[in-house]
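S.K.: Have a look at this one before I ask anything.
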Amino acid sequence: YIMTDGKDSNEKRWLRTHRQKCARKAADNLEATAWFGLLEDVPRSMELLQATLGLRFRPTLPHSNKGKKHPPAGAAEKELLTSLLQMDLWLYKFAQQLFEARWAAYQATGNVTVAVSPERLPMQFADDSGNNFLTDEELKE
C-alpha cells in the first residue's frame, strides 16, 4: 500500500495496481540513495555510513528491540507470507545485491561514490493490472 504521507494521488493509485513498475521505481530510488544499510550487517553498514558522511568515528546503531522474542513462524505462515510479500522479497534481494556491489567498490577503491548497479533479478510476481512478468523494456514505458 503506497500512501506514506497520508495523502492519496493518481500516481499512488497507479503504483498500487502496477506492482512491477512500482518495484522498479523502488529499486531506482534505492540506487539513487547516497547510503543505506542492512540490519543483518550492521558493522559494514556503519563503515559505509562513516565513509559516506566523512566522519572521523564509526556510528553505532542502538539495539532498542533487543531481548524481545517472537515465536518462530510455522511452515504454513511462512508460505503465506512469501506469497503476499513477493514484491518486497524481490526488492530486498536487490538491496542485498546493491549493498554487496557498493561494499566491493568501496573495498577496491576506498571511494563510496563509485556508481555501481547490479543486474536485477527477474520479477516473479504478477502485476495487479493484469500484466504478468513484464520485460525490462515494458517496465521502462
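No value in this document is a laboratory result; all are computed from the given coordinates. Quick caveat, the model's predicted, so the values are computed rather than measured. Counting neighbours? That spans all protein chains shown, and the Cβs are built from the backbone with ideal geometry, glycine included.
S.K.: Longer than 28 Å from Cα to Cα, which of Lys69/Lys93; Lys7/Lys68; Lys25/Lys68; Lys21/Lys93 are they? Say none if no pair is.
M.R.: From Lys69/Lys93; Lys7/Lys68; Lys25/Lys68; Lys21/Lys93, over 28 Å: Lys7/Lys68; Lys25/Lys68.
S.K.: Against the empirical 2.2 N^0.38 Å scaling, what ratio does the C-alpha Rg of segment 20-60 come to?
M.R.: Normalised by 2.2 N^0.38 Å, the Cα Rg of segment 20-60 equals 1.41.
S.K.: Return the Rg/Rh ratio of segment 1-118 with Cα-based radii and a Kirkwood Rh.
M.R.: 1.03
S.K.: So which chymotrypsin sites (Phe, Trp or Tyr not before Pro) in segment 3-79 pass both tests, a DSSP loop state and at most 16 other Cβ atoms within 10 Å of the Cβ?
M.R.: Working: sites: Trp14, Trp35, Phe36, Phe57; in loops: Trp35, Phe36, Phe57.
Of the chymotrypsin sites (Phe, Trp or Tyr not before Pro), the ones in loops of segment 3-79 whose Cβ has at most 16 other Cβ atoms within 10 Å are Trp35, Phe36, Phe57.
S.K.: Can you work out the Karplus-derived ³J(HN,Hα) for every residue in segment 100-108? Use 6.51 cos²θ - 1.76 cosθ + 1.60 with θ = phi - 60°, whole Hz, and x for glycine or proline.
M.R.: 4, 5, 5, 5, 4, 5, 5, 5, 6
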